[in-house]
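Report on the following structure.
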Amino acid sequence: MDYLDYIDATWHTIKPWVSWETLTVFANSSFATSCIGAIAGASGGAYAAQRIAKKGKLRDELSEELRSVNTTIALAVGILNSLVALKKQFINELSSTYNADRIRYKDYITKT
């Protein structure tokens, strides 16, 4: 028996039960109403759970990105603070020494 013969035999077995009247009675039964309600409820619940999970995942990703940006900003502020301290310690002193030496040089040139 091949596949098509199996389908044909199954259809001839089911055919007496499948009629418009049988389907109407089944559709109006409390069993069909409960099944349709259960399927709708399960589908709605699964959809809502999926949306909640997706929003939670997005919130976690955004929080992680925000933490990394905050870390980068803190690192940049630390580097800038080091450069400002370097300027206060060395460059300002070097600049004032240069300006004083330049004035002394101009005075020396004008005297000679």
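Just so it is clear, none of the values below were taken in a lab; they were calculated from the coordinates. Here the structure is a predicted model, which is why all the values come from computation and not from measurement.
What list of ³J(HN,Hα) values in whole Hz, one per residue of the stretch 73-81 in order, does the Karplus curve 6.51 cos²θ - 1.76 cosθ + 1.60 (θ = phi - 60°) give from phi, with Gly and Pro shown as x?
5, 4, 5, 5, 5, x, 5, 4, 4
Could you give me D for the stretch 27-69, from Stokes-Einstein at 4 °C and 1.567 mPa s, where the hydrodynamic radius is the Kirkwood radius over C-alpha pairs? Units µm² s⁻¹, please.
Result for D is 101 µm²/s.
List the pair-distance distribution P(r) of the stretch 2-112, using every Cα-Cα distance, as the percent of pairs falling in each 10 Å bin from 0 up to the bin containing the longest distance, rounded to whole percents.
Histogramming the stretch 2-112 at 10 Å steps yields 10, 12, 12, 12, 10, 9, 8, 7, 6, 6, 5, 4, 1 percent.
Using the Karplus curve 6.51 cos²θ - 1.76 cosθ + 1.60 with θ = phi - 60°, what ³J(HN,Hα) values do you get for each residue of the stretch 84-101, in whole Hz, with x for Gly and Pro?
Result, rounded to whole Hz: 5, 5, 4, 5, 4, 6, 10, 5, 4, 5, 5, 5, 5, 5, 4, 5, 5, 5.
Check cross-link reach from residue 57 to the aspartates and glutamates: straight Cα distance under 17 Å, and skip same-chain residues fewer than eight apart.
Within the straight-line limit of under 17 Å, residue 57 reaches these aspartates and glutamates: 65.
Quick one: what are the phi-derived ³J(HN,Hα) couplings along the stretch 104-110, Karplus 6.51/-1.76/1.60 with θ = phi - 60°, whole Hz, x for glycine and proline?
So the Karplus estimates, Gly and Pro as x, are 4, 5, 4, 4, 5, 5, 6 Hz.
Would you list which aspartates and glutamates come within 15 Å of residue 54, measuring only between C-alpha atoms, while excluding same-chain residues fewer than 8 positions from it?
Leaving aside aspartates and glutamates fewer than 8 places away in the same chain, none come within reach of residue 54.
Find, to one decimal place in angstroms, the Kirkwood hydrodynamic radius of the stretch 50-110, where the mean of 1/r is taken over every pair of different Cα atoms and then inverted.
Mean inverse Cα-Cα distance, inverted, gives 16.0 Å.
Cross-link candidates for residue 106: which lysines have Cα within less than 29 Å, leaving aside residues fewer than 8 places away along the same chain?
87, 88
Where the convex hull is taken over the Cα atoms of the stretch 1-46, what is its projected area averaged over directions, in nm²?
5.0 nm²
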